[in-house]
Amino acid sequence: MPTFELDEEIQDMQKMLRDFATEMIRPAYREAEHAGETPSELRESIKELSVHLVDMPEEYGGLGKDIRSAVVLEEELSYGDVGITVDVQDTSIGANAILIFGTDEQKTNLLTPILESGDGIAACFSEKGNPVSPEFIETTWREKEGSYKLMGSKTFVVGAGRAKNYLVLAKKDGSNDWQDLRLFLIAADTPGVVVGDRLGTLGLETCAVADVALMGVKVDSSRVLSAESSDAFKSKLGKVLDYARIVTCARMVGVMSATSDYSAKYSTERIAFDLPISQHQSIAFMVSDNATDVDACRWMTWQAAHEYVRGGESTANRALAHVVERAQKVATDSVQILGGHGFIQDHPVEKWMRDLRALSLIPGNDLFPEHG
Amino acid sequence: MNIVVCVKVTPSTAAKIKVGASGVSIDKQGVEYEINPYDAFAIEAALQHVEANGGEVTLLSLGAEGSTKDIRNGLAMGAVKAVHLTDDNYELRDSFSVAKALADELKSLQWDAIFFGKQAVDSDNYQVPSMVSALLELPVANVCSTAEFRDGKFRAIRAVEGGTEIVELSAKCCISFTKGPKEPRFPTIPNIMKAKKKPLDQKAAPAVENRVKVTKLELPPPRPAGRIVGEGPEAAKELARLLREEAKVI
């Protein structure tokens with residue numbers, strides 16, 4: 001029987017995070033954006049909440065729930081500010097990759113300490129904005145006596161220079177076979193990892209984005225993730241990317257909800273022609289369309305999360321495609337509702353518009369291959 | 001040091017309050033509840049004490065059966081167990097009736113000190129901490145912002161007109177807290193999950209006869225619209241006159 005009712009425990013978490021987002025994250029969004037990073041005290045407070053543990057298995061130090069809980073919590077954090085959320089919530093997408101690809105031994109040895117410390121893992125998949133597929137990957141590995149050596153360069157890495165680890169996708173030198181793809185979990189301070197200059201971005205200025213070069217980086221075989229066949233690699237990578245897409249959807253819904261609420265409230269307070277502007281039809285339509293879009297996008301996200309857990313046909317792409325499209329509408333209409341106030345930085349709606357555009361373009365979201 | 005924190009679950013401070021049909025209590029329809037904000041400061045102070053000095057924090061609450069959910073938020077902050085004295089008509093009890101029920105229960109609990117919020121934001125009586133201390137024959141310090149524990153004694157700090165007052169109390173005491181330097185912590189996600197499994201002992205609150213009867217609740221009259229007196233220096237003179245003669249505030 002379909003249900004949208006969250007259990008009491010998730011509701012408690014949701015409520016706590018909504019309070020945290022509005023009382024702690026929201027007041028810091030502009031300072032963080034201008035500084036280009038989350039204030040360190042706030043970063044620690046968010047890490048301490050341990051949202052990243054919610055959907056990880058208990059045997060590795062997680063809380064044993066699944067992505068259906070994670071999407072609810074990611075939305076709430078993003079309601080406060082998504083720049084800060086993406087900047088600080090940098091563990092779970094990489095951790096999930098270890099969970100999917102790792103052997104039992106790797107999960108114990110690699111995943112457990114990362115979950116415990118909450119250290120970030122920056123995903124280095126894309127190159128030059130190309131699809132994630134062997135023929136477009138130029139980063140290569142060579143193996144010698146159980147040790148691997150990586151050469152290449154990854155572009156637009158979110159969290160570059162800030163995350164404690166990188167998860168790098170590379171192919172075997174000279175092979176375009178999916179089975180020869182590997183994921184390498186590399187500590188950020190490994191010799192040969194070179195982070196390029198920070199790139200200016202359209203939105204999400206709180207996050208560090210840069211290229212990462214791998215100049216003969218040596219990686220021990222214990223930190224190399226692989227699959228038993230081409231199909232298995234494709235399917236597992238698809239699952240990793242689906243997870244990232246669904247979490248991105250949840251974050252976008254959080255921002256959509258924030259900007260929709262903010263502009264709706266503004267429309268009841270701003271008077272024009274002797275009436276609150278919400279009483280004028282052209283504004284009222286935008287306000288109600290925004291609220292409808294937020295609901296629809298949230299439900300598609302939840303459904304994609306449900307299918308992810310169930311192992312049915314993935315709907316992550318569909319959800320992302322819809323959320324990306326409606327997000328732009330909600331974002332620009334919210335700016336429009338604020339009119340002249342919409343484009344000045346006294347209000348957050350202009351930032352959320354840029355953030356939503358950036359989220360829809362974070363490398364990979366629209367670049368990943370079909371799978372399954 | 002084991003500390004019992006007495007907490008009340010009160011309507012959220014953001015709730016819009018309406019008087020109920022009885023005329024002596026509020027209409028609970030659609031009202032969200034939470035741990036009384038001053039009690040949250042007391043929980044935070046207690047948690048800091050046990051983190052520094054060892055021991056554990058127990059919550060004691062008298063309230064409606066349905067408020068268990070909100071008491072668990074206090075457990076999620078870090079208290080290890082709770083005792084919930086249930087009474088669905090708790091809001092009809094006067095301060096003495098609440099204090100007597102709490103004090104009787106406290107006699108059967110293990111504790112070194114008892115913390116409270118300085119007032120409950122619903123009834124605003126400020127009386128329970130003093131009454132409990134009197135019933136248990138303990139010293140009390142009220143409206144404290146912090147209380148340090150040193151050399152077997154508490155040093156509580158109170159903001160008074162134009163300065164601060166430092167009160168020293170023996171370890172076995174009652175202290176009520178106001179807003180302190182540290183905001184109450186947000187529970188972490190793992191602690192929210194752990195809170196579900198922490199012991200919460202629920203039992204009917206003993207009946208204690210009221211000594212004060214609330215006869216009527218009324219909402220304050222709506223505030224009249226503001227008035228623009230005029231502009232420039234002339235208006236300042238008129239404004240000062242009105243503030244003195246009409247509003248009688250200067």
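The values are calculated or read from the model by the stated rules, or taken from the named source; none is laboratory data. Keep in mind it's a predicted model, so treat the numbers as computed, not measured. Virtual Cβ from ideal backbone geometry, glycine too; neighbours counted across all protein chains shown. Protein only, heavy atoms only, side chains kept; ligands, DNA and RNA dropped before computing areas. Shrake-Rupley method; radii C 1.70, N 1.55, O 1.52, S 1.80 Å.
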Among the residues in the range B:135-143, are any in a loop (DSSP other than H, G, I, E, B), more than 14 Å from chain A (Cβ to nearest Cβ) and modelled with pLDDT under 95? no
Tell me the residue from B:LYS172, B:LYS182, B:LYS203, B:LYS198 that is within 27 Å of B:ILE71 (Cα to Cα), within 14 Å of another protein chain (Cβ to nearest Cβ), in contact with a strand residue (DSSP E or B) (Cβ under 8 Å, 6 or more places away or on another chain) and not aliphatic (A, V, I, L, M), please. B:LYS198
In the range B:160-185, how many residues are closer than 22 Å to B:LYS107 by Cα and surrounded by fewer than 16 Cβ atoms within 10 Å (Cβ to Cβ)? 3
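Table: residues versus (1) open to solvent by less than 20 Å² (accessible area, probe 1.4 Å); (2) within 23 Å of A:LYS234 (Cβ to Cβ); (3) assigned to a loop (DSSP other than H, G, I, E, B); (4) in the same structural domain as A:GLU350 (by TED's automatic domain parsing).
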site: A:VAL132; (1), (2), (3), (4): yes, yes, yes, no
site: A:ALA163; (1), (2), (3), (4): yes, no, yes, no
site: A:TYR166; (1), (2), (3), (4): yes, yes, no, no
site: A:VAL194; (1), (2), (3), (4): no, no, no, no
Which residues, taken from the range B:16-52, are small (Gly, Ala, Ser) and open to solvent by less than 70 Å² (accessible area, probe 1.4 Å)? B:GLY20, B:GLY23, B:SER25, B:ALA40, B:ALA42, B:ALA45, B:ALA46
Whichever residue in the range A:17-29 is free of Cβ contacts under 8 Å to residues at least 24 places away in the same chain and within 12 Å of another protein chain (Cβ to nearest Cβ) and, among such residues, is most open to solvent (accessible area, probe 1.4 Å): A:GLU23
Among the residues of the range A:134-161, which ones are assigned to a loop (DSSP other than H, G, I, E, B), touching a residue at least 24 places away in the same chain (Cβ under 8 Å) and under 19 Å from A:SER226 (Cα atoms)? A:ILE137, A:THR139, A:GLY146
Looking at the range B:53-93, which of its residues are closer than 26 Å to B:LYS28 by Cα, among the acidic types (Asp, Glu) and open to solvent by 50 Å² or more (accessible area, probe 1.4 Å)? B:GLU65, B:ASP88, B:GLU91
Looking at this structure, is B:GLU65 of a type in the set (Asp, Glu) and within 14 Å of another protein chain (Cβ to nearest Cβ)? no
Take the residues of the range A:2-14 that are part of a helix (DSSP H, G or I) and surrounded by fewer than 16 Cβ atoms within 10 Å (Cβ to Cβ): which is nearest to the other protein chains (Cβ to nearest Cβ)? A:GLU8
Scan the range B:66-86 and give yes if some residue there is closer than 13 Å to B:ALA207 by Cα, out of contact with any Lys or Arg (no Cβ under 9 Å at 6 or more places or on another chain) and not hydroxyl-bearing (Ser, Thr, Tyr), otherwise no. no
Subset of the range A:168-186 that is among the small types (Gly, Ala, Ser) and open to solvent by less than 30 Å² (accessible area, probe 1.4 Å) - its residue that is farthest from A:THR38 (Cα to Cα): A:SER175
So A:THR112 passes all but one of these: (1) hydroxyl-bearing (Ser, Thr, Tyr); (2) surrounded by fewer than 21 Cβ atoms within 10 Å (Cβ to Cβ); (3) under 23 Å from the mean Cα position of the chain (by Cα); (4) in a strand (DSSP E or B). Which condition number does it fail? (4)
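Can you tell me which residue among B:ALA205, B:ALA236, B:ALA225 is of a type outside the set (Ser, Thr, Tyr) and within 27 Å of B:ASP94 (Cα to Cα)?
Sole residue among the options that is of a type outside the set (Ser, Thr, Tyr) and within 27 Å of B:ASP94 (Cα to Cα): B:ALA205.
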Would you confirm whether any residue within the range A:30-46 is within 14 Å of chain B (Cβ to nearest Cβ), open to solvent by 30 Å² or more (accessible area, probe 1.4 Å), acidic (Asp, Glu) and free of Cβ contacts under 8 Å to residues at least 60 places away in the same chain? yes
Report, by residue number, each residue of the range A:47-62 that is facing chain B (nearest Cβ under 8 Å) and part of a helix (DSSP H, G or I). A:GLU48, A:LEU49, A:VAL51, A:LEU53
Looking at A:THR201 and the list (1) out of contact with any Cys (no Cβ under 8 Å at 6 or more places or on another chain); (2) in contact (Cβ under 8 Å) with a residue 24 or more places away in the chain, which single condition is not satisfied? (1)
Which residue, of B:THR188, B:THR146, is more than 14 Å from chain A (Cβ to nearest Cβ), among the β-branched types (Val, Ile, Thr) and touching a helix residue (DSSP H, G or I) at 6+ places or on another chain (Cβ under 9 Å)? B:THR146
From the options A:LEU77, A:LEU99, residue that is farther than 21 Å from A:ASP189 by Cβ, modelled with pLDDT of 95 or more and open to solvent by 10 Å² or more (accessible area, probe 1.4 Å): A:LEU99
